[in-house]
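Trainee: Please read through the structure below; I'll follow up with questions.
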Amino acid sequence: MTISDQQKKILTILADGEFHSGSVLADTLGVSRSAVWKQLHSLAELGLEPIAVSGKGYRLERPIEFLSSEKIISVLIDNVRSSVSDLQIHDRLDSTNTYLINLAKSAARSGTVCLAEFQSAGKGRRGRFWVSPFGSNIYLSLLWRFHNGPSAISGLSLVVGVSVIRALASLDVPGIGLKWPNDIYWQGHKLGGILIEVTGEAHGPCTAVIGIGFNVYMPDREAIMIDQAWIDLTQIVKGMFISRNRLVGTLLNELLPMLADFEVNGLAPFIDEWRSYDCLKGLPVIIYHGDSAITGSAGGVDNNGLFRLMTSDGKACCFASGEVSFSKD
Ligand code: BTN
(Lines give C-alpha, C1' and ligand atoms only; values in the text may rest on other atoms or scores of the structure.)
Protein backbone atom coordinates (compact mmCIF):
# COMPACT_ATOMS: atom_id res chain seq x y z
CA MET A 1 0.00 0.00 0.00
CA THR A 2 1.36 3.43 -0.87
CA ILE A 3 0.27 6.93 -0.03
CA SER A 4 -1.72 8.64 -2.78
CA ASP A 5 -0.13 11.06 -5.25
CA GLN A 6 -2.28 13.87 -3.87
CA GLN A 7 -1.23 13.10 -0.29
CA LYS A 8 2.42 13.06 -1.40
CA LYS A 9 2.03 16.38 -3.23
CA ILE A 10 0.33 18.11 -0.33
CA LEU A 11 2.93 16.76 2.10
CA THR A 12 5.75 17.99 -0.12
CA ILE A 13 4.30 21.50 0.07
CA LEU A 14 3.59 21.36 3.82
CA ALA A 15 6.96 19.75 4.66
CA ASP A 16 8.50 23.20 5.28
CA GLY A 17 6.32 23.61 8.37
CA GLU A 18 5.08 27.02 7.12
CA PHE A 19 1.48 28.13 6.61
CA HIS A 20 -0.01 27.60 3.13
CA SER A 21 -3.43 28.99 2.29
CA GLY A 22 -6.20 26.72 1.05
CA SER A 23 -6.35 28.59 -2.24
CA VAL A 24 -2.59 28.32 -2.89
CA LEU A 25 -2.76 24.59 -2.10
CA ALA A 26 -5.75 24.19 -4.42
CA ASP A 27 -4.00 26.06 -7.26
CA THR A 28 -0.74 24.15 -6.84
CA LEU A 29 -2.50 20.80 -6.77
CA GLY A 30 -4.94 21.77 -9.52
CA VAL A 31 -8.00 20.74 -7.45
CA SER A 32 -10.89 22.48 -5.67
CA ARG A 33 -10.57 23.84 -2.13
CA SER A 34 -12.93 21.20 -0.85
CA ALA A 35 -10.72 18.52 -2.43
CA VAL A 36 -7.76 20.10 -0.58
CA TRP A 37 -9.71 19.98 2.67
CA LYS A 38 -10.44 16.29 2.09
CA GLN A 39 -6.78 15.55 1.39
CA LEU A 40 -5.71 17.40 4.53
CA HIS A 41 -8.12 15.32 6.59
CA SER A 42 -6.92 12.12 4.95
CA LEU A 43 -3.45 12.79 6.43
CA ALA A 44 -4.83 11.71 9.82
CA GLU A 45 -4.51 8.09 8.66
CA LEU A 46 -0.73 8.70 8.51
CA GLY A 47 -0.66 10.15 12.02
CA LEU A 48 -0.50 13.76 10.80
CA GLU A 49 -2.99 16.48 11.65
CA PRO A 50 -2.31 19.80 9.94
CA ILE A 51 -3.05 22.87 12.05
CA ALA A 52 -5.64 25.24 10.52
CA VAL A 53 -5.64 28.95 11.38
CA SER A 54 -8.18 31.19 9.70
CA GLY A 55 -6.59 33.87 7.58
CA LYS A 56 -3.29 31.97 7.46
CA GLY A 57 -4.09 28.52 6.12
CA TYR A 58 -2.63 25.18 7.07
CA ARG A 59 0.67 23.99 8.40
CA LEU A 60 2.14 20.82 9.85
CA GLU A 61 2.96 20.68 13.56
CA ARG A 62 6.62 20.69 12.56
CA PRO A 63 8.68 20.51 9.34
CA ILE A 64 9.44 17.10 7.83
CA GLU A 65 12.82 16.18 6.43
CA PHE A 66 11.93 13.35 4.05
CA LEU A 67 14.15 10.30 4.07
CA SER A 68 16.50 10.45 1.10
CA SER A 69 18.80 7.71 -0.18
CA GLU A 70 21.20 10.34 -1.63
CA LYS A 71 21.50 12.06 1.76
CA ILE A 72 21.95 8.77 3.63
CA ILE A 73 24.56 7.49 1.16
CA SER A 74 26.48 10.76 1.41
CA VAL A 75 26.99 10.05 5.14
CA LEU A 76 28.26 6.48 4.64
CA ILE A 77 31.94 5.68 4.94
CA ASP A 78 33.44 3.83 1.96
CA ASN A 79 33.43 0.25 3.27
CA VAL A 80 29.87 0.62 4.56
CA ARG A 81 28.67 2.09 1.26
CA SER A 82 29.95 -1.02 -0.48
CA SER A 83 28.32 -3.34 2.10
CA VAL A 84 24.88 -1.80 1.59
CA SER A 85 23.66 -3.84 -1.35
CA ASP A 86 20.32 -2.06 -1.67
CA LEU A 87 18.80 0.94 0.11
CA GLN A 88 15.04 1.14 -0.20
CA ILE A 89 12.91 3.98 1.10
CA HIS A 90 9.14 3.49 1.15
CA ASP A 91 6.49 6.07 1.95
CA ARG A 92 4.31 3.47 3.58
CA LEU A 93 4.67 -0.20 4.50
CA ASP A 94 2.84 -2.45 6.92
CA SER A 95 6.19 -3.21 8.59
CA THR A 96 9.75 -2.86 7.30
CA ASN A 97 10.59 -6.17 9.02
CA THR A 98 7.70 -8.04 7.37
CA TYR A 99 8.61 -6.52 4.01
CA LEU A 100 12.25 -7.66 4.28
CA ILE A 101 11.31 -11.12 5.58
CA ASN A 102 9.27 -11.58 2.40
CA LEU A 103 12.03 -10.16 0.23
CA ALA A 104 14.53 -12.52 1.88
CA LYS A 105 12.55 -15.48 0.52
CA SER A 106 13.65 -14.42 -2.96
CA ALA A 107 17.19 -13.50 -3.77
CA ALA A 108 17.45 -10.30 -1.67
CA ARG A 109 21.07 -9.85 -0.72
CA SER A 110 22.71 -9.48 2.65
CA GLY A 111 23.08 -5.77 3.32
CA THR A 112 19.63 -4.79 2.00
CA VAL A 113 18.32 -1.85 4.01
CA CYS A 114 14.67 -0.87 4.11
CA LEU A 115 13.23 2.30 5.61
CA ALA A 116 9.66 3.55 5.73
CA GLU A 117 8.19 6.97 6.45
CA PHE A 118 5.11 5.28 7.90
CA GLN A 119 4.27 1.78 9.13
CA SER A 120 0.63 0.76 9.31
CA ALA A 121 1.40 -2.42 11.27
CA GLY A 122 4.78 -1.77 12.89
CA LYS A 123 5.79 -4.72 15.05
CA GLY A 124 7.23 -4.51 18.54
CA ARG A 125 8.44 -7.43 20.64
CA ARG A 126 5.94 -9.88 22.07
CA GLY A 127 3.32 -9.06 19.46
CA ARG A 128 3.06 -5.39 20.46
CA PHE A 129 2.17 -2.64 17.98
CA TRP A 130 5.00 -0.20 17.22
CA VAL A 131 3.56 3.31 16.87
CA SER A 132 4.91 4.61 13.54
CA PRO A 133 3.52 8.00 12.41
CA PHE A 134 4.64 9.46 9.05
CA GLY A 135 7.94 11.29 8.70
CA SER A 136 8.55 11.45 12.44
CA ASN A 137 10.83 8.66 13.56
CA ILE A 138 13.12 5.97 12.19
CA TYR A 139 11.75 2.60 11.13
CA LEU A 140 14.67 0.67 9.69
CA SER A 141 15.24 -2.97 8.83
CA LEU A 142 18.43 -4.59 7.64
CA LEU A 143 18.71 -8.01 6.08
CA TRP A 144 21.88 -9.88 7.03
CA ARG A 145 22.76 -13.43 6.05
CA PHE A 146 24.92 -15.34 8.53
CA HIS A 147 26.89 -18.46 7.65
CA ASN A 148 26.22 -20.06 11.02
CA GLY A 149 22.89 -21.19 12.46
CA PRO A 150 20.57 -19.16 14.72
CA SER A 151 22.21 -20.43 17.95
CA ALA A 152 25.51 -18.82 16.90
CA ILE A 153 23.87 -15.40 16.68
CA SER A 154 22.12 -15.38 20.03
CA GLY A 155 23.96 -12.24 21.20
CA LEU A 156 23.10 -10.30 18.07
CA SER A 157 20.55 -7.99 19.65
CA LEU A 158 23.11 -6.84 22.21
CA VAL A 159 25.56 -5.96 19.43
CA VAL A 160 22.87 -3.99 17.61
CA GLY A 161 22.09 -2.11 20.84
CA VAL A 162 25.74 -1.13 21.21
CA SER A 163 25.79 0.14 17.60
CA VAL A 164 22.82 2.41 18.32
CA ILE A 165 24.53 3.90 21.39
CA ARG A 166 27.76 4.44 19.46
CA ALA A 167 25.85 6.21 16.67
CA LEU A 168 24.07 8.49 19.13
CA ALA A 169 27.28 9.25 21.01
CA SER A 170 28.98 10.26 17.76
CA LEU A 171 26.08 12.67 17.16
CA ASP A 172 26.65 14.14 20.64
CA VAL A 173 23.65 12.49 22.25
CA PRO A 174 25.05 11.13 25.50
CA GLY A 175 23.46 9.33 28.42
CA ILE A 176 21.62 6.61 26.50
CA GLY A 177 21.38 3.19 28.13
CA LEU A 178 20.40 -0.34 27.20
CA LYS A 179 17.82 -2.46 28.94
CA TRP A 180 18.27 -6.15 28.35
CA PRO A 181 17.80 -7.60 25.86
CA ASN A 182 17.27 -4.84 23.37
CA ASP A 183 15.56 -1.69 24.55
CA ILE A 184 17.15 1.70 24.15
CA TYR A 185 16.53 3.84 27.22
CA TRP A 186 17.06 7.35 28.50
CA GLN A 187 16.45 8.07 32.18
CA GLY A 188 13.85 5.35 32.62
CA HIS A 189 12.03 6.14 29.36
CA LYS A 190 12.06 4.04 26.22
CA LEU A 191 13.64 5.77 23.23
CA GLY A 192 13.76 2.84 20.83
CA GLY A 193 13.66 -0.89 20.41
CA ILE A 194 15.14 -3.68 18.37
CA LEU A 195 13.24 -6.60 16.88
CA ILE A 196 15.32 -9.34 15.27
CA GLU A 197 13.56 -12.03 13.27
CA VAL A 198 15.60 -15.03 12.18
CA THR A 199 14.88 -17.73 9.64
CA GLY A 200 17.05 -20.68 8.66
CA GLU A 201 18.28 -24.14 9.59
CA ALA A 202 19.41 -24.91 13.15
CA HIS A 203 22.99 -25.61 12.04
CA GLY A 204 23.14 -24.10 8.57
CA PRO A 205 23.12 -20.55 7.25
CA CYS A 206 20.43 -18.23 8.58
CA THR A 207 18.94 -14.89 7.67
CA ALA A 208 18.33 -12.18 10.23
CA VAL A 209 16.06 -9.22 9.67
CA ILE A 210 17.23 -6.62 12.17
CA GLY A 211 14.52 -4.05 12.86
CA ILE A 212 15.29 -0.83 14.67
CA GLY A 213 12.61 1.61 15.73
CA PHE A 214 13.73 4.89 17.10
CA ASN A 215 11.69 7.86 18.33
CA VAL A 216 13.00 11.08 16.82
CA TYR A 217 9.83 13.12 17.18
CA MET A 218 6.73 11.43 18.52
CA PRO A 219 3.57 13.57 18.31
CA ASP A 220 1.64 13.51 21.62
CA ARG A 221 -1.48 12.51 19.74
CA GLU A 222 0.22 9.30 18.59
CA ALA A 223 2.04 8.72 21.85
CA ILE A 224 -1.20 8.03 23.69
CA MET A 225 -1.08 4.61 22.02
CA ILE A 226 2.25 3.78 23.73
CA ASP A 227 1.72 1.71 26.87
CA GLN A 228 4.98 2.52 28.66
CA ALA A 229 7.10 5.51 29.64
CA TRP A 230 8.60 6.87 26.40
CA ILE A 231 10.85 9.64 25.17
CA ASP A 232 12.00 10.95 21.80
CA LEU A 233 15.32 12.44 20.71
CA THR A 234 13.81 15.87 20.16
CA GLN A 235 13.03 16.12 23.88
CA ILE A 236 16.49 14.84 24.85
CA VAL A 237 18.27 17.44 22.71
CA LYS A 238 15.77 20.10 23.79
CA GLY A 239 14.17 20.75 20.42
CA MET A 240 17.37 20.96 18.35
CA PHE A 241 16.86 19.76 14.76
CA ILE A 242 17.94 16.17 14.21
CA SER A 243 18.46 14.99 10.65
CA ARG A 244 16.94 11.54 10.31
CA ASN A 245 19.08 10.97 7.20
CA ARG A 246 22.27 11.71 9.11
CA LEU A 247 21.11 9.53 11.96
CA VAL A 248 20.39 6.57 9.65
CA GLY A 249 23.76 6.99 7.86
CA THR A 250 25.62 7.21 11.16
CA LEU A 251 23.83 4.15 12.48
CA LEU A 252 24.71 2.09 9.39
CA ASN A 253 28.34 3.26 9.70
CA GLU A 254 28.45 1.73 13.17
CA LEU A 255 26.25 -1.31 12.66
CA LEU A 256 27.59 -2.90 9.48
CA PRO A 257 31.26 -3.21 10.51
CA MET A 258 30.13 -4.53 13.91
CA LEU A 259 28.05 -7.25 12.25
CA ALA A 260 31.06 -8.38 10.21
CA ASP A 261 33.16 -8.46 13.40
CA PHE A 262 30.42 -10.30 15.33
CA GLU A 263 30.26 -12.98 12.66
CA VAL A 264 33.93 -13.76 13.14
CA ASN A 265 34.52 -13.01 16.83
CA GLY A 266 31.08 -13.35 18.43
CA LEU A 267 29.95 -11.23 21.36
CA ALA A 268 33.31 -11.04 23.13
CA PRO A 269 34.53 -7.74 21.55
CA PHE A 270 31.30 -5.98 22.59
CA ILE A 271 30.17 -7.47 25.89
CA ASP A 272 32.09 -5.13 28.21
CA GLU A 273 30.87 -2.12 26.29
CA TRP A 274 27.30 -3.43 26.53
CA ARG A 275 27.77 -3.78 30.31
CA SER A 276 28.85 -0.15 30.52
CA TYR A 277 25.45 0.89 29.07
CA ASP A 278 23.39 -1.53 31.21
CA CYS A 279 20.69 0.60 32.83
CA LEU A 280 19.20 -2.23 34.90
CA LYS A 281 22.29 -3.44 36.78
CA GLY A 282 21.72 -3.63 40.52
CA LEU A 283 18.08 -2.49 40.35
CA PRO A 284 15.10 -4.44 41.62
CA VAL A 285 13.37 -6.02 38.62
CA ILE A 286 10.72 -8.48 37.57
CA ILE A 287 11.43 -10.86 34.71
CA TYR A 288 8.46 -12.25 32.83
CA HIS A 289 9.43 -15.58 31.37
CA GLY A 290 6.76 -17.79 29.84
CA ASP A 291 3.89 -17.71 32.31
CA SER A 292 5.97 -16.85 35.36
CA ALA A 293 7.06 -13.53 36.84
CA ILE A 294 10.19 -13.71 38.98
CA THR A 295 11.48 -10.88 41.13
CA GLY A 296 15.04 -10.18 42.14
CA SER A 297 17.78 -7.74 41.36
CA ALA A 298 19.44 -7.33 37.96
CA GLY A 299 22.87 -8.92 38.00
CA GLY A 300 24.07 -7.83 34.57
CA VAL A 301 24.72 -10.18 31.66
CA ASP A 302 27.03 -13.18 31.40
CA ASN A 303 29.59 -13.57 28.61
CA ASN A 304 26.97 -15.10 26.33
CA GLY A 305 24.64 -12.17 26.80
CA LEU A 306 22.23 -14.04 29.09
CA PHE A 307 20.43 -11.97 31.72
CA ARG A 308 21.40 -12.74 35.33
CA LEU A 309 18.73 -12.37 37.97
CA MET A 310 19.88 -12.40 41.59
CA THR A 311 17.05 -13.85 43.66
CA SER A 312 16.38 -13.08 47.32
CA ASP A 313 17.93 -16.40 48.39
CA GLY A 314 21.23 -15.32 46.86
CA LYS A 315 21.06 -17.48 43.74
CA ALA A 316 21.82 -16.26 40.21
CA CYS A 317 19.46 -17.48 37.46
CA CYS A 318 20.30 -16.91 33.81
CA PHE A 319 17.69 -16.16 31.15
CA ALA A 320 18.11 -16.31 27.38
CA SER A 321 14.78 -14.61 26.76
CA GLY A 322 12.10 -12.77 28.64
CA GLU A 323 10.83 -9.30 29.38
CA VAL A 324 12.39 -7.37 32.23
CA SER A 325 10.56 -4.55 34.01
CA PHE A 326 11.75 -2.12 36.64
CA SER A 327 10.19 -3.13 39.95
CA LYS A 328 9.09 -0.57 42.55
CA ASP A 329 10.39 -2.68 45.49
C1 BTN B 1 10.43 -3.36 20.65
O2 BTN B 1 9.33 -3.81 20.96
O3 BTN B 1 11.10 -2.73 21.46
C4 BTN B 1 10.98 -3.57 19.26
C5 BTN B 1 10.51 -2.50 18.31
C6 BTN B 1 11.03 -2.64 16.91
C7 BTN B 1 10.36 -1.68 15.95
C8 BTN B 1 11.01 -1.68 14.60
S9 BTN B 1 10.48 -0.34 13.57
C10 BTN B 1 11.34 -1.06 12.23
C11 BTN B 1 11.07 -2.54 12.30
N12 BTN B 1 9.81 -2.86 11.66
C13 BTN B 1 8.91 -3.31 12.52
O14 BTN B 1 7.75 -3.65 12.23
N15 BTN B 1 9.44 -3.35 13.75
C16 BTN B 1 10.80 -2.92 13.76
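The values are calculated or read from the model by the stated rules, or taken from the named source; none is laboratory data. Here the structure is a predicted model, which means the values were calculated and not measured. Backbone-built Cβ (ideal geometry, glycine too); neighbour counts: all protein chains shown. Quick note on the areas: whole protein, heavy atoms, side chains included, nothing else; ligands and nucleic acids left out. Shrake-Rupley method; radii C 1.70, N 1.55, O 1.52, S 1.80 Å.
Trainee: Only bridges whose two residues both fall in region 180-241 count here: according to DSSP, what percent of them are antiparallel, nearest 5?
Mentor: Values: 13 of 14 bridges.
If I count the DSSP bridges inside region 180-241, around 95 percent turn out antiparallel.
Trainee: First check a/c for region 61-157, with a ≥ b ≥ c the square roots of the eigenvalues of its C-alpha gyration tensor; if it is under 1.5, answer rounded, and if not, answer prolate when a/b is larger than b/c or oblate otherwise. Intermediate results must be reported in sequence, preceding the final value.
Mentor: Numbers: a/c = 1.96, a/b = 1.20, b/c = 1.63.
Judged from the Cα gyration tensor, region 61-157 comes out oblate (a/c at least 1.5, b/c at or above a/b).
Trainee: Between 0 and 90 degrees, rounded to the nearest ten: what's the tilt of helix 244-265 against the longest Cα principal axis of the chain?
Mentor: 20 degrees
Trainee: Name the shape class, rounded, prolate or oblate, that the alpha-carbon gyration tensor gives for region 229-280, where a ≥ b ≥ c are the square roots of its eigenvalues, rounded holds for a/c under 1.5, and otherwise prolate holds if a/b is larger than b/c and oblate otherwise.
Mentor: Numbers: a/c = 3.89, a/b = 1.56, b/c = 2.50.
Because a/c hits 1.5 or more and a/b fails to exceed b/c, region 229-280 counts as oblate.
Trainee: Shifting gears a bit: Hey, got the dipole for region 5-59? About the Cα centre, +1 on K and R Cβ, -1 on D and E Cβ, debye to the nearest 20?
Mentor: The calculation lands at about 120 debye.
Trainee: Kindly flag which residue pairs out of K9/K179; K8/K123; K238/K281; K38/K105 have an alpha-carbon separation exceeding 30 Å in this structure.
Mentor: Numbers: K9/K179 40 Å; K8/K123 24 Å; K238/K281 28 Å; K38/K105 39 Å.
Cα-Cα > 30 Å for K9/K179; K38/K105; rest within.
Trainee: What's the carbon and sulfur percent of region 258-329's accessible surface, probe 1.4 angstrom, rounded to a whole number?
Mentor: Details: 1940 of 3800 Å².
Within region 258-329, the accessible surface is 51 percent carbon and sulfur.
Trainee: Summarise the accessible area of region 5-59 (1.4 Å probe, protein heavy atoms) by the percent that is carbon and sulfur.
Mentor: Details: 1560 of 3040 Å².
Heavy-atom surface of region 5-59 belonging to carbon and sulfur, 1.4 Å probe: 51 percent.
Trainee: Does region 5-59 come out rounded, prolate or oblate by the C-alpha gyration tensor, with a ≥ b ≥ c the root eigenvalues, rounded set by a/c under 1.5 and, if not, prolate when a/b is larger than b/c and oblate if not?
Mentor: rounded
Trainee: Here is a follow-up. When DSSP beta bridges are limited to those with both residues in region 69-276, what percentage is antiparallel, rounded to the nearest 5? Each step should come with its number before you reach the end.
Mentor: Working: 30 of 38 bridges.
That works out to approximately 80 percent antiparallel.
Trainee: Below 12 angstrom from the Cβ of R221, what's the summed charge of the other residues (Lys, Arg +1; Asp, Glu -1)? Display every interim value, and only then the final one.
Mentor: Working: positive: none; negative: E49, E61, D220, E222.
With Lys, Arg at +1 and Asp, Glu at -1, the neighbours total -4.
Trainee: Let me ask you something else. Could I have the simple spin-label model distance between D86 and S110, label points 7 Å from Cα toward Cβ, reported in nm to one decimal?
Mentor: So the two model labels end up 1.7 nm from each other.
Trainee: Hey, what's the chain come to in accessible area per residue, 1.4 Å probe, Å²? Numbers along the way, then the final one.
Mentor: Values: 15000 Å² over 329 residues.
Roughly 46 Å² per residue, with all protein chains present.
Trainee: Among the aspartates and glutamates, which have Cα under 18 Å from the Cα of K315 when same-chain residues fewer than 8 positions away are ignored?
Mentor: D302
Trainee: Would you kindly derive the ³J(HN,Hα) couplings of region 152-166 from the backbone phi angles with the Karplus curve 6.51 cos²θ - 1.76 cosθ + 1.60 (θ = phi - 60°), listing them in order in whole Hz, with x for Gly and Pro?
Mentor: In residue order, the calculated couplings are 6, 10, 5, x, 4, 5, 5, 5, 5, x, 4, 5, 5, 5, 4 Hz.
Trainee: When ranked by the protection proxy of mean other Cβ atoms within 10 Å per residue, highest first, what sequence do the peptides 269-280, 156-167 form? It would help to have the intermediate numbers written out before the result.
Mentor: Details: 269-280: 17.0, 156-167: 23.8.
So the peptides 269-280, 156-167, ranked by packing, come out 156-167, 269-280.
Trainee: Follow-up. Hey, what do the phi angles of region 214-223 turn into as Karplus ³J(HN,Hα) couplings, whole Hz, using 6.51/-1.76/1.60 and θ = phi - 60°, x for Gly and Pro?
Mentor: Running phi through 6.51 cos²θ - 1.76 cosθ + 1.60 with θ = phi - 60° gives 9, 7, 9, 9, 10, x, 3, 4, 7, 5 Hz.
Trainee: Run the dipole for the chain about the Cα centre, Lys and Arg Cβ at +1, Asp and Glu Cβ at -1, nothing else charged, and hand back the magnitude in debye, nearest 20. Numbers along the way, then the final one.
Mentor: Details: 29 positive and 33 negative charges, 66 e Å.
The dipole magnitude comes to about 320 debye.
Trainee: Taking N as the number of residues in the chain, what value does Rg over Cα atoms divided by 2.2 N^0.38 Å take?
Mentor: Numbers: Rg = 21.2 Å, N = 329, 2.2 N^0.38 = 19.9 Å.
Rounded to two decimals, the normalised Rg is 1.07.
Trainee: Further, regarding this structure: Residue by residue through region 87-95, which ³J(HN,Hα) values in whole Hz follow from phi under the Karplus form 6.51 cos²θ - 1.76 cosθ + 1.60 (θ = phi - 60°), with glycine and proline marked x?
Mentor: Karplus values, whole Hz, x for Gly and Pro: 10, 10, 10, 10, 5, 8, 9, 5, 7.
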